[in-house]
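The values are calculated or read from the model by the stated rules, or taken from the named source; none is laboratory data. Note that this is a predicted model, so its numbers are computed, not measured. With ideal geometry, Cβ positions are generated from the backbone for all residues, glycine too; neighbour counts draw on all protein chains shown. Keep in mind that these areas ignore ligands, DNA and RNA; they rest on the heavy atoms of the full protein, side chains included. Shrake-Rupley method; radii C 1.70, N 1.55, O 1.52, S 1.80 Å.
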Amino acid sequence: EVYCSIQDDDGYMWFGTDRGIVKFNGSKFINYNSLNGLSGNVIFKMAKDYKGRIWFLASNKTLSYWDGTKIIPYKYNNEILSFPDKKYFSNMK
């Protein structure tokens, strides 16, 4: 299942699915999951920041991002999980 999609600054399409992230470069699909750095394998939301990074929100309420070469889990995920209110993700599409 595809839950969300976004296009990066290079024109690649990214899809958040129930099995990780799928990147489409126009001719082939590349799959990423927790073995590649995602903090969770079910991705519900994605957003692009001012630096061109793509952020991924997993169903476990943790974040990862694409830095242009690889997926990196957000270093403050433990702090995010300790907050009682998770509404700060409402701005992600």
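Scanning the stretch 1-19 for residues that are open to solvent by 90 Å² or more (accessible area, probe 1.4 Å), farther than 11 Å from Phe44 by Cα and not charged (D, E, K, R) turns up just one, Gln7. Among residues of the stretch 1-29 that are more than 23 Å from Lys51 (Cβ to Cβ) and free of Cβ contacts under 8 Å to residues at least 24 places away in the same chain, those with a Cβ under 8 angstrom from a residue that is hydroxyl-bearing (Ser, Thr, Tyr) and surrounded by 10 or more Cβ atoms within 10 Å (Cβ to Cβ), sequence gap 6+ or separate chain, pair up as Glu1/Thr17; Val2/Thr17; Gly26/Tyr12. Determine whether the stretch 45-52 contains at least one residue that is open to solvent by 60 Å² or more (accessible area, probe 1.4 Å) and assigned to a loop (DSSP other than H, G, I, E, B). Checked against the condition, which is being open to solvent by 60 Å² or more (accessible area, probe 1.4 Å) and assigned to a loop (DSSP other than H, G, I, E, B), the stretch 45-52 yields at least one hit. Here Asn41, Asn25, Asn78, Asn60 are screened, and the one residue that is modelled with pLDDT of 95 or more and open to solvent by 30 Å² or more (accessible area, probe 1.4 Å) is Asn41.
Just one of the numbered conditions (1) farther than 27 Å from Phe83 by Cα; (2) touching a residue at least 24 places away in the same chain (Cβ under 8 Å) is not true of Ser64; which one? Of everything listed in (1) farther than 27 Å from Phe83 by Cα; (2) touching a residue at least 24 places away in the same chain (Cβ under 8 Å), Ser64 misses just condition (1).
Looking only at the stretch 26-46, count how many residues are within 17 Å of Ile80 (Cα to Cα) and not β-branched (Val, Ile, Thr). So the count comes out to 6.
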